[in-house]
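Just so it is clear, none of the values below were taken in a lab; they were calculated from the coordinates. No experiment lies behind these values; they were computed from the predicted model shown. Every residue, glycine among them, receives a Cβ derived from its backbone with ideal geometry; neighbour counts consider all protein chains shown.
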Amino acid sequence: MSRMCDDVLRRWQRGWSAAREWTDYAEVDGVIVVRIGEPDRRVEYLATEQHATTAARMARSDANPAGSSWLKITTTSRPRVAAVLHPLDLIRTERLLTISLSDQPSSQVPSPYELEVTATPGLINVELRTDGEVAASGRMAVRGADAVADVIYTVPPQGRRGLARAVMSALADAALDQGATTGLLSASPEGVPLYESLNWSPVADLVVGRTRLPSVG
Ligand SMILES: CC(C)(COP(=O)(O)OP(=O)(O)OC[C@H]1O[C@@H](n2cnc3c(N)ncnc32)[C@H](O)[C@@H]1OP(=O)(O)O)[C@@H](O)C(=O)NCCC(=O)NCCS
């Protein structure tokens with residue numbers, strides 16, 4: 001389990017970083033360190049549970065301002081990781097998912113939405129528009145055989161009309177065209193039912209934490 005998680009986490013991180021143009025990363029003592037440099041997110045430490053203690057120590061002892069060092073830890077037991085990460089703040093639990101891209105069902109774009117696919121080698125952006133406004137969108141980074149989906153979003157009033165399903169279908173088609181075979185993503189709790197309905201399978205939970213902000217008042 002751990003070795004598979006390790007492999008999937010590393011491959012997902014490579015694609016996720018490519019999708020967000022975060023090019024500065026390295027592996028230190030079993031922890032992937034992604035230097036992002038944004039004020040609220042200077043760095044992300046990614047690790048399997050086996051290396052959670054090291055990742056937590058790195059986050060607690062780096063020189064970044066409070067709240068700007070983030071962690072993502074794969075696990076099958078959130079409480080176990082919570083205990084290791086204490087006293088860091090736990091923000092949410094995502095789920096790392098995978099699929100053989102050809103197993104994802106195809107979906108038509110519902111009327112009257114219009115599909116726009118912008119693909120360059122390694123990066124695909126999809127938007128669905130109506131009356132010139134974006135109603136749903138998503139992105140996929142392709143690295144070799146892996147395609148990593150990111151920022152899948154539907155504008156709330158237009159939810160449950162099959163827009164995200166159509167975005168995922170267009171992304172998968174474009175990724176298959178670029179030679180990818182395997183899809184990877186980290187799903188928010190809100191996104192999990194969508195991906196399960198599209199045949200994606202869970203690999204592990206991904207506990208998201210960050211260094212604690214000073215309490216106000
Ligand atoms: C998650 C999200 C992208 C879904 O978008 P959507 O356009 O409403 O999804 P679709 O209409 O294409 O749904 C397709 C299927 O996914 C499942 N699904 C989607 N939203 C669901 C929900 N809130 N509850 C249960 N099932 C849901 C259903 O099986 C649905 O099929 P059905 O409507 O025929 O039952 C959207 O709610 C969103 O943008 N949320 C905020 C951002 C986010 O969490 N994105 C995911 C990042 S990983």
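Tabulated data for the structure shown
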item: Residue 181-residue 66 FRET efficiency (beta carbon distance; Förster radius 41 Å; 0.05 resolution); result: 0.45
item: Percentage relative contact order, the chain, counting C-alpha pairs under 8 Å, at least six apart; result: 27 percent
item: Semi-axis lengths, Å, segment 19-100, gyration tensor of Cα atoms, sqrt of 5 times eigenvalues; result: 19, 17, 12
item: Computed over segment 1-110: relative contact order in percent, which uses C-alpha pairs under 8 Å that are six or more apart; result: 20 percent
item: Contact order normalised by residue count of segment 25-85, Cα under 8 Å, 6+ apart, percent; result: 31 percent
item: Neighbour-count order for 81, 28, 8, fewest beta carbons within 10 angstrom listed first; result: 28, 8, 81
item: Mean residue ellipticity (222 nm) of the chain, computed from DSSP H runs ≥ 4 via -39,500 (n - 2.57), nearest 500; result: -8000 deg cm²/dmol
item: Charge sum, other residues only, whose C-beta stays under 12 Å from residue 139's C-beta, Lys/Arg counted +1 and Asp/Glu -1; result: -2
item: Fully extended contour minus Cα-Cα distance, from residue 10 to residue 116, at 0.36 nm per residue; result: 35.1 nm
item: Loop-located GluC sites (Glu not before Pro) in segment 13-91, at most 10 other Cβ atoms within 10 Å (DSSP); result: 21
item: Two-decimal Rg to Rh for the chain - Kirkwood Rh, Cα set; result: 0.99
